[in-house]
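Input: a single structure, listed below in structure tokens.
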Amino acid sequence: MKKFLWKRAVASAISLICLIILVFFLSRLTGDPTDLFLPETATQEARDNYRRVHGLDQPLVSQFFRYVTDLVQLNFGESVRRAEPAIDPVLRGFAWTLQLATVTMALVTLAAITLGSLAAFHVGGFFDRVATFFSLMGASAPDFWIAIIAIVVFSVGLGWLPTSGTGSVWHWIMPVAVLFIRPFGLILQVVRGSMITALNSAYVKTARAKGVENRPIIFVHALRNALLPVITVIGDQTAAILNGAVIVETIFGFPGVGKLMIDSILQRDFNVILAAIMVTAFAIFILNIMIDLLYAVLDPRIRY
């Protein structure tokens, strides 16, 4: 198992290094932040001084090696917009995104595994057809469209829910609901397909022949052996929320790391952009390691 985890860790580290190089140079293509923060009437001396203070007067390669050196020391530099260490707003934003992802995926996992298992047990029946229909609709619906419709109906039309903010439980309902729909549809379908295979296995038929009740057959005997592909999809969808809840956070004014990255790109706050990407990438790296450990727990073949 150690060899398996080591290979996965090395592969993730290589991806992380490539991401650092790519994002650093692509972020510089957005232009010079001096043009945003100084008025058009600013003197050339003021512009040169601004670039010197923020290290923008150095060649691009020199800036990159300086950034890598600071990164090794866990120093992400200063935010040119907020006059504070770049890591501070990133950690604040990531804490919000992590809470949003945790709540959403906890609800998604519980609902998808329960309903997907029941749909597989009643395959071809009315419940199975209804669950499949709504899950396919959810998996196909774009997040931005659902978010806009939700605001129009529940905020503007009915006045039941606030459109933005995080001040109360009511502020969380629409962001969580919108992020819930797509992963729920995808995971339910994977659970259903995997459970159909498991329920048709010889050991399940043997358990039924011995008179074991339906609930232990579904949630004890079959589910454990059907979980490997489900865990993969759950991990992918969790990473997608951590890395891609930008649209939902922007529409609902949610102060997560996704919205922070969009704001930082528009403001050309390079250090915050790079810090946000590094923190998110590292979180996904840890998530992948945790998924690999779950594989080893559920499947003895991986441990050996």
Set Lys and Arg Cβ to +1 and Asp and Glu Cβ to -1, take the dipole of the range 87-303 about its Cα centre, and tell me which of Leu287, Val248, Val272 lies farthest positive.
-> Leu287
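Among Arg47, Arg66, which comes first, then next, by fewest other beta-carbon atoms within 10 Å? Kindly include the intermediate steps, with their values, before the conclusion.
Values: Arg47 17, Arg66 13.
Placing the least packed residue first, the sequence is Arg66, Arg47.
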Roughly how many nanometres apart are two label points built 7 Å out from the Cα toward the Cβ at Leu26 and Ser155?
-> 2.9 nm
Net dipole in debye of the range 87-303 [+1 Lys, Arg Cβ; -1 Asp, Glu Cβ; about Cα centre; nearest 20] = 800 debye
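Read the figures in this text as sums done on the coordinates, not as results from a lab. As the structure is a computational prediction, the values presented were derived from the model and not from experiment. Here the Cβ is made from the backbone with ideal geometry for all residues, glycine too, and neighbour counts use every protein chain on show.
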